[in-house]
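Everything below concerns the one structure shown next.
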Amino acid sequence: MTDFLTSIYPWTKAFHIMAVISWMAGLFYLPRLFVHHVERSDAIDGLAPVFEMMEGKLLRLIMRPAMIATWAFGLLLVFTPGIVDWSAVWPWVKGACVLAMTWFHHWLGLRLKDFSDGRNSVTGRQFRLMNEVPTVLMIVIVLAVVVRF
């Protein structure tokens, strides 16, 4: 099995990077949609359901499959011999950040449910602040993987 993982390593890495890019795009965009949903949906009658449809499709059709693919290809990379040095700090930092990013993904899903149930209590400003979470996590992950501190 390890020979197989080693032989497909370039493909695994490529698909992992593509999945991460897709997931990150959604993690950056969904909170911005929430900002507009909170601040603009009352301005035009019938706009809230349009936001909910857009947000739901983004989460279900793009973000969730991308997150699953990111995890799947990432775990294949972890199990590929010689890729991860567990005595270093970087894989632990990356792992913690990926767990935090996954938590954030699920937090966004709960906020979408709040909108659907008509009980959103998060303001546009709070969504703007939360929009910085994936940016900070991405910076830490990229530095950890590339610099390997």
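Rule-based calculations on the coordinates, nothing more; no lab input. As the structure is a prediction and not an experimental result, all values here were calculated from the model. Please note: Cβ atoms are built from the backbone with ideal geometry, for glycine as well, and neighbour counts cover all protein chains shown.
A few points about this structure:
- Computed [θ] at 222 nm, helices only, for the chain once each DSSP H run of length n ≥ 4 contributes -39500 (n - 2.57): -25500 deg cm²/dmol
- Alpha-carbon Rg/Rh ratio, for the chain, with Rh computed the Kirkwood way: 1.07
- Gained length - Met18 relative to Asp42, 0.36 nm times residue gap less alpha-carbon distance: 5.0 nm
- Relative contact order computed over the chain (Cα-Cα under 8 Å; 6+ residues apart), in percent: 37
- Positive-end ranking of Pro65, Phe104, Ala88 along the dipole of the stretch 38-112, with charges on Cβ about the Cα centre, is headed by Ala88.
- Shape summary: the stretch 1-46 maps onto an equivalent ellipsoid whose semi-axes, from the alpha-carbon gyration tensor, are 42, 7, 6 Å in decreasing order.
- The dipole here belongs to the chain: it is taken about the Cα centre, uses +1 on the Cβ of Lys and Arg and -1 on the Cβ of Asp and Glu, and is about 120 debye.
- Computed FRET value (nearest 0.05) for Thr123 with Ala96, which takes r as the C-beta separation and R₀ as 35 Å: 0.80
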